[in-house]
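Undergrad: The structure follows.
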Amino acid sequence: MNQNNPDSGKRLSERAGWMRILFAAVMTAIILLVLPYADRQSFTYELNQPWRYALLTADFDMPIMRDSASSRILRDSVDARFVPFVIHDKEIGIKNVERFTTSLRGTGMPLKDCARLTGLLANAYEDGIVSSSLYDDLRKRKMTKVRLSAGTPDENSVKEVDARPLLSPIKAFEKIDSTFVASTKGQEHLSPQVADLLTRALVPNVTVDSVSDTKFRNQEYLNVSAAIGVIKKGQRIVDRGEIITPQIYTNLETYQQMLEESHGESRGHTYFLVGQGLYIIICITILYCYLSLYRRSFWKDTKKMGFLMSFITLFIVCAIEAFELFPNGLTLVPFAIVPVIILVFCDSRTAIFSLLITVLITALVATFAYPFIFTELAVGLLATFSLRQLSKRAQLLRAALITFIGYIICYVAITLLTEGTLSAFSWRVVMNYGVNCVIFSFAYVLIWLIEKIFGFTSTVTLVELSDINSPLLRRLAEEAPGTFQHSMQVSTLASEAARSIDANTQLVRTGALYHDIGKMESPVFFTENQHGVNPHAGLDPETSAHKIISHVTDGLEMASKEKLPGVIRDFISQHHGRGLTKYFYNTAVNERGAENVDPDKFRYPGPNPQSKETTILMMADAVEAASRSLQDYSQENIDRLVDGIVDSQIKDGLFNESPISFRDIEKIKNTFKRRLATIYHTRIAYPKIKN
């Protein structure tokens, strides 16, 4: 029955169309950005554990490298027998001997002793003094030779010399001291002053030639790191059930590395990227076709489409990152949370379809795509069927338990199907599924975040608002008890009508409870709250109409102050639409004539109902109020009342902006008639006892 401006509707439709294209493009780009680059799926494997996948063969010729343990042993062997390269700088010895001789003369030591001590220092420098660390290394490795070079990497300038005369500064000091004492009869050890001068004079003059040492050491390392064989294209790398030895582990690492390098340098990666993009676009197209054909209202709503696409994209990205970061990472991701979240804000069919698309796209990184798709779809459907409509937090805990059981059953089935035995059953995977279900149970927090970010109202929130013990409804019951009873009756009547046409029953029920809260400002001006005294007596029709109309604006102010959701405020503003307060308008016309009465002074601010749910409330509100004035509750009178009120609203154009159909209206009428007949059925009179 929607009769909006065609040009305006066309512009909105075009804008929504461009937004949908943008959503699809951004979603595809983001997912492609985080997908792994390799065209083969990554494997999860551990050293000394059996290979759980099918036979893996080489896609190209690849070298067989030594495993890390063997390489480490060989490198240690090279280090143990490697003869270090050193440089003997004689200039250091000459300068230090001269400096020591000059300093020694100032100590008052006899010239003969000075000459003997200086000679011993010169001999030590001639033999060579090395750093303490190099001295300890040579002794530890029992090296008797070192290679003496001229400080260049030229191999012809290198010769081997005896390493045994080489001393550290401490050992050189001890040798000089003991030799000097032995050669001087009756002489004590060196005096502290002389000992200090000697210590400072002993500086290493034989140092490691780092250039030559590094060059020749690396050459020997090459023999260790060189390939020890070749695996030809098509040859076996590892087969199912084979224990992953250190050598097989190294072969797998080499294979993965070469695979990444080959596709980083070839056009094959570009083609593979195009294939991934087409795959994702096909999945999105399937989702778009479903929404455009079977969920038109959702399809046209840019905000809802933005939520759906961003939620699916974010979830897929998180799943891919979990796959990259953790072993069996996909088992940690609660895919069952996708249909549950979407079920809360949309409907079950859209939730299931969204789960299907999410699982299909994520399967791009799954090691075994078929078992992954089967398990996640089965468990996701199980979670959806176990909830149907989320209204309590306890339902999530129950769904989490059911989901965990579903995962275990699917895991056992897949293991038996692929292995033929439960010997490969892993308790680590079971533990991952447990973590998965714990995360699933916290979906309530995610629902709250989505409500805040997108401005949606979930069924959980509606259920909480419909509690008649909430402060606002309790206040309504105390200050305007008649209005409260009227709202309760309208809520029952409207929710049954909503159920008959598959509208949002919980939304209608909650909206009906709050639609008249504005009457609390002046409850006595409304018939249901009056007790014999009518305050409208003596007031002109315009003033009375203003008092009645103000309950809409007062209700909106009160709802805003209490921070009620926008969907509830819509029921307050639209339940009378742009209709007239006919009682006072008709009274004014009867008194002064139609030409002397301004209809706008008797018109509600509106707008007219914009959804099926607010339309149902408008009908239920008018029918329930009018039914109280019936004198005879026969079926004929009830039918006449319902038909007259609803047809009058249609005639006044109050449903022109609503998506409701005439078929829906007929179903709603029949529901009202049946419900009112039940409420006001004739009771049987109890017989009296005769005297």
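Undergrad: Looking at the structure I just gave you, is SER658 among the hydroxyl-bearing types (Ser, Thr, Tyr), closer than 24 Å to LEU507 by Cα and open to solvent by less than 10 Å² (accessible area, probe 1.4 Å)?
TA: So SER658 fits the description; yes.
Undergrad: Can you go through THR403, THR384, THR421 and tell me which one is hydroxyl-bearing (Ser, Thr, Tyr) and more than 21 Å from THR350 (Cα to Cα)? Working first, answer last.
TA: Values: THR403 fails: more than 21 Å from THR350 (Cα to Cα); THR384 fails: more than 21 Å from THR350 (Cα to Cα).
Exactly one residue qualifies, and that residue is THR421.
Yes/no matrix, rows are residues, columns are (1) of a type in the set (A, V, I, L, M); (2) modelled with pLDDT of 85 or more; (3) closer than 29 Å to LEU74 by Cβ; (4) touching a helix residue (DSSP H, G or I) at 6+ places or on another chain (Cβ under 8 Å):
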{"residue": "SER103", "(1), (2), (3), (4)": "no, no, no, yes"}
{"residue": "GLY128", "(1), (2), (3), (4)": "no, yes, no, no"}
{"residue": "ASP162", "(1), (2), (3), (4)": "no, no, yes, no"}
{"residue": "PRO169", "(1), (2), (3), (4)": "no, yes, no, yes"}
{"residue": "GLU188", "(1), (2), (3), (4)": "no, no, no, yes"}
{"residue": "LYS215", "(1), (2), (3), (4)": "no, no, yes, no"}
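Undergrad: Continuing with this model, one more query. Show the residue pairs that are 6+ apart or on different chains and have beta-carbon atoms under 7 Å apart, the first residue being within the range 671-691 and among the polar types (S, T, N, Q), the second being at pLDDT 85 or above.
TA: Correct list of pairs: THR671/GLU496; THR671/ALA497; THR671/SER500.
Undergrad: So is GLY518 surrounded by 22 or more Cβ atoms within 10 Å (Cβ to Cβ), closer than 25 Å to THR615 by Cα and touching a His at 6+ places or on another chain (Cβ under 7 Å) or not?
TA: Details: surrounded by 22 or more Cβ atoms within 10 Å (Cβ to Cβ): yes; closer than 25 Å to THR615 by Cα: yes; touching a His at 6+ places or on another chain (Cβ under 7 Å): yes.
So GLY518 passes the test.
Undergrad: While we're on this one: Output yes when any residue across the range 497-508 is of a type in the set (S, T, N, Q), modelled with pLDDT of 90 or more and exposed (fewer than 14 other Cβ atoms within 10 Å of the Cβ), and no when none is.
TA: No, the range 497-508 has no match at all.
Undergrad: Another question, if that's okay. Filter the range 1-36 down to the residues that are at pLDDT below 60 and open to solvent by 40 Å² or more (accessible area, probe 1.4 Å) and list them by number. Don't jump to the end; show me each part of the working.
TA: Residues of the range 1-36 that are at pLDDT below 60, as a first pass: 2-9.
Matches in the range 1-36: ASN2, GLN3, ASN4, ASN5, PRO6, ASP7, SER8.
Undergrad: Residues being among the aliphatic types (A, V, I, L, M) and more than 21 Å from PRO246 (Cα to Cα): count how many of those fall in the range 50-77.
TA: 0
Undergrad: Out of contact with any Leu (no Cβ under 9 Å at 6 or more places or on another chain), at pLDDT below 95 and surrounded by 17 or more Cβ atoms within 10 Å (Cβ to Cβ): is that true of ALA351 in this structure?
TA: No, not satisfied.
Undergrad: Then there is this: When only residues in the range 581-605 that are within 51 Å of the chain's Cα centre (by Cα) and crowded, with 17+ Cβ neighbours inside 10 Å count, which is nearest to VAL490 (Cα to Cα)?
TA: So, considering only residues that are within 51 Å of the chain's Cα centre (by Cα) and crowded, with 17+ Cβ neighbours inside 10 Å, the one nearest to VAL490 (Cα to Cα) is TYR604.
Undergrad: Let me ask you something else. With (1) assigned to a loop (DSSP other than H, G, I, E, B); (2) within 26 Å of ILE650 (Cβ to Cβ); (3) basic (Lys, Arg) as the list, and LYS563 as the residue in question, which single condition is left unmet?
TA: (2)
Undergrad: Could I ask something else about it? Counting only residues that are of a type outside the set (S, T, N, Q), in contact (Cβ under 8 Å) with a residue 40 or more places away in the chain and assigned to a helix (DSSP H, G or I), how many does the range 324-355 have?
TA: Within the range 324-355, the subset of a type outside the set (S, T, N, Q) is 324-327, 329-330, 332-347, 349, 351-353, 355.
Next, only the ones that are in contact (Cβ under 8 Å) with a residue 40 or more places away in the chain stay: 324, 327, 330, 332-341, 343-347, 349, 353.
Going one step further and asking which of them are assigned to a helix (DSSP H, G or I), we end up with 324, 330, 332, 337-341, 343-345, 349, 353.
Qualifying residue count, the range 324-355: 13.
Undergrad: Taking only the range 466-508 into account, find how many residues are within 40 Å of the chain's Cα centre (by Cα), touching a residue at least 12 places away in the same chain (Cβ under 8 Å) and part of a loop (DSSP other than H, G, I, E, B).
TA: Number satisfying all stated conditions: 5.
Undergrad: Cβ-Cβ below 6 Å, separation at least six or inter-chain, first residue in the range 516-531 and without any contact (Cβ under 8 Å) to a residue 24 or more places away in the chain, second in a helix (DSSP H, G or I): which pairs?
TA: Matching pairs, first to second residue: PHE525/LYS547.
Undergrad: Restricted to the range 240-268, and to residues that are open to solvent by 60 Å² or more (accessible area, probe 1.4 Å) and either at pLDDT 80 or above or under 31 Å from the mean Cα position of the chain (by Cα) (or both), which residue is farthest from PHE425 (Cα to Cα)?
TA: GLY264
Undergrad: Checking ASP632 against (1) open to solvent by 30 Å² or more (accessible area, probe 1.4 Å); (2) modelled with pLDDT under 90; (3) under 52 Å from the mean Cα position of the chain (by Cα), which single condition isn't satisfied?
TA: So the condition that ASP632 fails would be (3).
The values are calculated or read from the model by the stated rules, or taken from the named source; none is laboratory data. Keep in mind that this is a model prediction, so the values were computed, not measured. Cβ coordinates were reconstructed from backbone atoms using ideal geometry, including for glycine residues, and neighbour counts include every protein chain displayed. Protein only, heavy atoms only, side chains kept; ligands, DNA and RNA dropped before computing areas. Shrake-Rupley method; radii C 1.70, N 1.55, O 1.52, S 1.80 Å.
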